[in-house]
1. Among residues other than Thr53 whose Cβ falls under 14 Å from its Cβ, what is the net charge (Lys/Arg +1, Asp/Glu -1)?
2. Can you give the FRET efficiency to the nearest 0.05 for Glu66 and Asp16, using r as the Cβ-Cβ distance and R₀ = 25 Å?
3. Place a label point 7 angstrom from the Cα of Glu279 along the Cα-to-Cβ direction, then list the residues of the range 165-201 whose backbone nitrogen is under 18 Å away.
4. Between beta-carbons, use under 12 Å as the cut-off and find the net charge around Glu79, counting Lys and Arg +1, Asp and Glu -1.
5. Once amide H atoms are built 1.01 Å from N in the peptide plane, which residues 5 or more positions from Asp51, or in another chain, come under 5 Å H to H?
6. Computed FRET efficiency, Cβ-Cβ of Lys292 and Glu216, R0 22 Å: what is it to the nearest 0.05?
Amino acid sequence: VDMQIDIVSVFPEYFDVLNLSLFGKAQSKGLVSVHAHNLRDWTHDVHHSVDDTPVGGGAGMVMKPEVWAECLDDLLGLEPQDMSANDDADSTAAPAETDGAAQETAASDALQDAQSGNDLRTPVHTPDSVLIFPNPSAPLFTQRDATELSHAKRLVFGCGRYEGYDARIPAYYRAQGVDVREYSIGDYVLNGGEVAVSVMLEAITRLLPGFMGNPESIVEESYTGSEALLEHRQYTRPAVWRGMGVPDVLLSGDHGKVDRFRRDEALARTDAIRPDLIEQLDCARLSKADRKT
Ligand code: ADE
């Protein structure tokens, strides 16, 4: 199997759909293997409790570190460590800012690497095993992250529920040398990590060679390559439908003109809809014709 994926959740049935459709096929082709685990299997109390009230007060519940650690130690093959002898480990406060900064440095390194090549599958660096926690208060998950993670041999996703998970969980595994990532999938709040994991999983696995029926279809789409532009609009036959025509240039058969038309539309639409993506463009890489647009 090219990529082994483990998902930990209190709702593992949520991931039953992964046995269907493209993902099911990818599993039978041996491209990926996915196992969804129930976090409660690592509890020892009669109530199988996985959460507790927040230290410092406040509403809601926070996922306990002990249960997560028993589970993740098992999945990652690690022995429990006492961090009290460790200078860097502050047992009461996980270094959240430092963690975020470290992740962002890695992300911006990856970004620079990615910008030096055009290839969608250029390995920015090849992570072996990565532990990923969806978290609405984390850096945004982008196509660049999906590309990088599509080169990993093993991904372990931890789905948080309720008001979140104890911050020492990612901090502890980072301190054990594990490549730990926390990602938000967008500026909105979901009830838990399951939907976010499904989104990330699909974005990552569809990049695996052999996953898609037509690999060409992922080369030209939005957010890929070194440039993140919105895609031009698409049309199919008939050329006139309910009195609405398609742009004439697309019927001209002149591939040069078609390419220029699509490129102009991509630039103009990105500028109108996502000006933030235009800001991020490396203007030095734009052609003269691009700049005119
Ligand atoms: N959990 C809850 N909301 C989330 C979001 N927007 N991204 C990732 N994980 C989440």
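What follows draws every value from the coordinates through simple rules; no lab data is involved. What you see is a predicted model, and the numbers here were worked out from it, not measured in a lab. With ideal geometry, Cβ positions are generated from the backbone for all residues, glycine too; neighbour counts draw on all protein chains shown.
1. -3
2. Once rounded, the FRET efficiency stands at 0.35.
3. It comes to 186-188, nothing else.
4. That works out to -4.
5. Amide H neighbours of Asp51: Lys64.
6. Working from the Cβ atoms, E equals 0.20.
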